[in-house]
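A.B. asks: Structure provided below as structure tokens; questions to follow.
The values are calculated or read from the model by the stated rules, or taken from the named source; none is laboratory data. Note that the coordinates shown come from a computational prediction; the quantities given were computed from them, not determined experimentally. Glycine also receives a Cβ, built like all others from the backbone with ideal geometry; neighbour counts cover every protein chain displayed.
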Amino acid sequence: AVLVDETDRGAAGIWSISCDEEHIYITHSGTHEVSIIDHKAMLSKFEAYKDKSRLDYDLNFLYGLRERVKLQGNGPRDFVLSGDKLIVPTYFADILNMIDVNTLELTAVNINPDRVDTPESKGEMYLMTPTAAIRAGRAVMVATLAMAARMA
């Protein structure tokens with residue numbers, strides 16, 4: 001196994017993985033990103049790696065081999081590779097991201113601009129996305145402290 005986390009940045013929520021001869025593509029639903037990894041360079045580095053049992057702990061293995069593309073919207077899941085375009089919808093925002101895999105240029109289209117989240121969908125987003133959960137947790141903590149102060 002090769003870690004996709006880095007020493008200073010996680011890569012939470014690996015959802016979908018695919019590759020072609022040039023790149024390996026990974027969606028990260030927790031960090032709302034796509035990793036685009038140089039397939040040939042990674043394979044060469046992997047083959048030259050002496051003690052593969054240490055790969056489970058090597059947070060620097062992908063250094064210089066991977067680009068992380070921040071997406072618009074939350075919760076990327078599956079994706080489609082069409083020519084040089086990686087097309088990535090987001091589950092919690094109905095935004096369609098299109099990435100040119102050669103230039104890493106991102107174009108995004110909001111396919112449902114009038115979307116209104118239900119309490120259930122917000123709850124699922126808080127559960128599935130770390131940044132949303134942290135914000136929600138802070139709000140719950142503040143509300144709890146305010147209620148405790150009123151009761152005192």
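A.B. asks: For ALA93, work out the one condition from (1) surrounded by 12 or more Cβ atoms within 10 Å (Cβ to Cβ); (2) modelled with pLDDT of 95 or more; (3) not in a helix (DSSP H, G or I) it doesn't fulfil.
C.D. replies: (2)
A.B. asks: Restricting to region 10-41, and then to whatever is within 13 Å of ARG66 (Cα to Cα) and part of a loop (DSSP other than H, G, I, E, B), can you tell me which residue is modelled with the highest pLDDT?
C.D. replies: The selected residue is GLU22.
A.B. asks: Any residue in region 81-98 that is assigned by TED's automatic domain parsing to the domain that holds VAL109 sitting within a Cβ distance under 9 Å of a residue that is at pLDDT 95 or above and charged (D, E, K, R)? List the pairs, counting only those 6 or more apart or interchain.
C.D. replies: From region 81-98, the pairs are ASP84/ASP100; LYS85/ASP100; LEU86/ASP100; MET98/LYS85; MET98/GLU105.
A.B. asks: Do we find that THR118 is farther than 21 Å from TRP15 by Cα, among the polar types (S, T, N, Q) and at pLDDT 95 or above in this structure?
C.D. replies: So THR118 fails the test.
A.B. asks: May I pose another question? Going by the conditions given, is THR103 modelled with pLDDT under 90 and either closer than 30 Å to SER121 by Cα or over 18 Å from the mean Cα position of the chain (by Cα) (or both)?
C.D. replies: no
A.B. asks: Enumerate the pairs (first residue in region 43-62 and assigned to a loop (DSSP other than H, G, I, E, B); second residue anywhere and of a type in the set (Asp, Glu)) with beta-carbon separation below 6 Å, excluding pairs fewer than 6 apart on the same chain, so at least 6 apart or on different chains.
C.D. replies: Final answer for the pair search is LEU59/ASP5; LEU59/GLU6.
A.B. asks: Answer yes or no: is there a residue in region 58-69 that is among the small types (Gly, Ala, Ser), under 19 Å from the mean Cα position of the chain (by Cα) and surrounded by 14 or more Cβ atoms within 10 Å (Cβ to Cβ).
C.D. replies: No.
A.B. asks: Moving on. Name the residues in region 63-80 that are touching a residue at least 12 places away in the same chain (Cβ under 8 Å), of a type in the set (A, V, I, L, M, F, W, C) and either more than 16 Å from GLY10 (Cα to Cα) or in a loop (DSSP other than H, G, I, E, B) (or both), would you?
C.D. replies: Listed by number, the residues that qualify are LEU65, LEU71, PHE79.
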